[in-house]
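J.: This is the structure, below, for whatever I ask next.
The values are calculated or read from the model by the stated rules, or taken from the named source; none is laboratory data. It should be emphasised that the depicted structure is a prediction, and the values quoted were computed from it without experimental measurement. Cβ placement follows ideal geometry from the backbone for every residue including glycine, while neighbour counts extend to all protein chains displayed.
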Amino acid sequence: MTARRTRKGAVARIRPFSILIVLLVAGAAIGAYYAAQWPGFHPRHIAVVGASVVPKAEVLQRAALDRSRNIWLQNTGAAAQRVAQIPYVRSVKIRRRLPADVTIAIQERKPFAIVSDGSARVLVDDQLHVLDSNPGATNLPLMHSQIGDASVGKKLASQQLAQLARDCQTLVHASVPVAYLNLDRLGNLNARLTSGVLVEFGDDADIASKARLVNPVLAQVPQGGRKIRALDLRAAKTPVLVFTH
């Protein structure tokens, strides 16, 4: 009985304010409706930043944000996913600021290397995403490997190519002027430098330490002397220079 009386007492205390409560709720709903329709929340200007290769017009088209609709009611996550489908887009963030300022921030993929299987050539970034299925002349390193599906936007996923890409990044980080890389049948890494010198690295388990030897060893050879044909680093403690005859 006590609980029932307590509930009845609470209802009795609220009853005089019931009309006011209804009016407040209705007013809030009407206010929310008109706020949603207010033109001040329509994105009249959408800024695209970070895009140098990707055309800004393409970014806006993929985002497909409605300029005649409240930006705070639009799904910017879905818009970002659509922009991310552009092959050269590595990441994208869409930021909103009151009342209706919109910024689409792009981080682009950067060309890293050419992959060739002897018949096809594709341009890839450092994550092996295909940026171009018919690249022209370039000074980027050439990695020889099987390609498979080379459609633009696809990621090449062979284990051999992933190993080559890691090795290539290590050589580039060590300022080794690499022009060509491949793995032989035993999985040993061979690299051709831009000077034409062949470097035999052998097992790439300690590729970082071997890469740091390349430039110092080659620098010890006097300029104008015999031409170097190859540098054998398979035994890192005893580098061997091979000269042309």
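J.: Any residue at all in region 150-157 that is hydrophobic (A, V, I, L, M, F, W, C), within 23 Å of Phe201 (Cβ to Cβ) and surrounded by 17 or more Cβ atoms within 10 Å (Cβ to Cβ)?
T.: yes
J.: Filter region 110-140 down to the residues that are small (Gly, Ala, Ser) and closer than 14 Å to Leu156 by Cα, then identify the one that is surrounded by the most Cβ atoms within 10 Å (Cβ to Cβ).
T.: Of everything passing the filter in region 110-140, Ala113 is surrounded by the most Cβ atoms within 10 Å (Cβ to Cβ).
J.: Moving on to the next point. Six or more apart or on different chains, Cβ atoms under 9 Å: show the pairs whose first residue is in region 159-175 and in the same structural domain as Val199 (by TED's automatic domain parsing) and on the phi > 0 side of the Ramachandran plot and whose second is assigned to a helix (DSSP H, G or I) and surrounded by fewer than 18 Cβ atoms within 10 Å (Cβ to Cβ).
T.: Ser175/Asn215
J.: Further, regarding this structure: Give region 74-102 a look and list any residue that's among the aliphatic types (A, V, I, L, M) and either under 21 Å from Val130 (Cβ atoms) or at pLDDT 95 or above (or both), or say none.
T.: The answer is Ala78, Ala79, Ala80, Val83, Ala84, Ile86, Val89, Val92, Ile94, Val102.
J.: Can you work out which of the residues in region 232-245 that are touching a helix residue (DSSP H, G or I) at 6+ places or on another chain (Cβ under 6 Å) and modelled with pLDDT of 90 or more is surrounded by the most Cβ atoms within 10 Å (Cβ to Cβ)?
T.: Leu233
J.: Can you tell me which residues in region 74-100 are surrounded by fewer than 17 Cβ atoms within 10 Å (Cβ to Cβ) and over 24 Å from Lys155 (Cβ atoms)?
T.: Passing the criteria: Asn75, Arg95, Arg96, Arg97, Leu98, Pro99.
J.: Could you please find all residues in region 184-200 being part of a loop (DSSP other than H, G, I, E, B), on the phi < 0 side of the Ramachandran plot and of a type in the set (Gly, Ala, Ser)?
T.: Selection gives Ser195 alone.
J.: Also: In the list Leu181, Leu218, Leu213, Leu171, which residue meets the criterion of being in contact with a strand residue (DSSP E or B) (Cβ under 6 Å, 6 or more places away or on another chain), assigned to a helix (DSSP H, G or I) and crowded, with 16+ Cβ neighbours inside 10 Å?
T.: The conditions single out Leu171.
J.: Shifting gears a bit: For Ala205, state whether it is at pLDDT below 95, farther than 25 Å from Thr138 by Cα and in a loop (DSSP other than H, G, I, E, B).
T.: no
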